[in-house]
Structures are given as C-alpha cells and as structure tokens.
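Some notes on the structure that comes next.
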Amino acid sequence: IIALVMDNATNNDTLVQSLEVRFTAAGIPFSATNARMRCIPHIIHLAALQLLEGIGAISATEKRQVYQDIVS
C-alpha cells in the first residue's frame with residue numbers, strides 16, 4: 001500500500017495508525033503519517049461551505065444540512 005485517500009474523519013486516523021502497528025509487526029514498512037492523503041475535493045467542499053457561511057450566503061443550519069446531504 002502506497003497511500004490511502006480518505007476524508008478528515010478521525011476514525012480514518014485510527015485506521016491508518018492501526019495499519020501501521022500491524023504492518024510494522026509483520027515487518028512491512030508503513031508510515032501512517034506518510035500514507036494518509038486527505039481527499040482534496042472534500043477539503044475544498046468544507047472550505048467552500050465555511051466561506052459561504054462566513055459571508056452570510058448560507059446559515060449554519062443550511063451548512064450542516066448540505067454537508068449531511070452529501071455524506072449520506
């Protein structure tokens with residue numbers, strides 16, 4: 001495994017840390033820090049929602065709803 005592309009959920013941090021422990025124990029070189037790639041479209045989407053809320057184009061409630069619609 002060269003890299004894992006994931007969103008920013010903390011459970012994904014736990015996953016790659018667990019993989020690092022297991023791979024290291026098996027003698028397979030793996031770095032949780034180096035192998036974890038954040039999903040750029042997801043990051044851009046979160047930033048855009050924050051910007052829209054910041055300029056008053058959407059409310060915090062609308063932001064949460066848009067995010068929930070996307071992830072569910």
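Every number in this text was worked out from the coordinates using simple rules, so none of it is lab data. For clarity, every value in this text was computed on a predicted model and none was experimentally measured.
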Note on the chain: contact order normalised by length, alpha-carbon pairs under 8 Å, 6 or more apart, percent, works out to 31
In degrees between 0 and 90, to the nearest 10, how far off the longest principal axis of the chain does helix 10-25 point, with axes built from Cα atoms? 10
As a test of the definition: which semi-axes, in Å, follow for the chain when you take the square root of five times each eigenvalue of its alpha carbon gyration tensor? Largest first, please. 34, 11, 8
Counting each DSSP H run of 4 or more residues in the chain as -39500 (n - 2.57), what helix-only mean residue ellipticity at 222 nm follows after dividing by all residues, to the nearest 500 deg cm²/dmol? -20000 deg cm²/dmol
